[in-house]
Amino acid sequence: MERVYTIPLRNVKNVKRTIRAPRAIREVRNFLTKHMKAEEVKLDESINHVIWARGIQKIPSKITVKAVKDEDGVVEATLAE
């Protein structure tokens, strides 16, 4: 199963400045776990680079990812382009 999601990160901007990027990574993981009904989520390095590109404080307001689920229930997410 393969899907493209635009994950909103605007709620992450309401937390303390110094924990925004790690929280955004967690939010992406939680979103994919919930929407793909996954047991495990593996994020590509490119997603990490986009979220951390402007530092820990200035995260993007949304991110578009392509999620692929295999038979084992493992979801691998990459940047959709």
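Structure data summary
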item	result
Contacts under 6 angstrom Cβ, first residue in region 59-76 being closer than 16 Å to Thr33 by Cβ and modelled with pLDDT under 95, partner outside any strand (DSSP E or B) and open to solvent by 70 Å² or more (accessible area, probe 1.4 Å), 6 or more apart	Gly73/Glu39
Selection count, region 9-57, where residues are open to solvent by less than 90 Å² (accessible area, probe 1.4 Å), in a helix (DSSP H, G or I), in contact (Cβ under 8 Å) with a residue 40 or more places away in the chain and over 29 Å from Asp70 (Cβ atoms)	1
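The values are calculated or read from the model by the stated rules, or taken from the named source; none is laboratory data. Just so we're clear, the structure is a prediction, and the values are computed from it rather than from any experiment. Note that we place each Cβ from the backbone using ideal geometry, even for glycine, and neighbour counts take in every protein chain shown. Heavy atoms of the whole protein, side chains included, go into the accessibility calculation; ligands, DNA and RNA do not. Shrake-Rupley method; radii C 1.70, N 1.55, O 1.52, S 1.80 Å.
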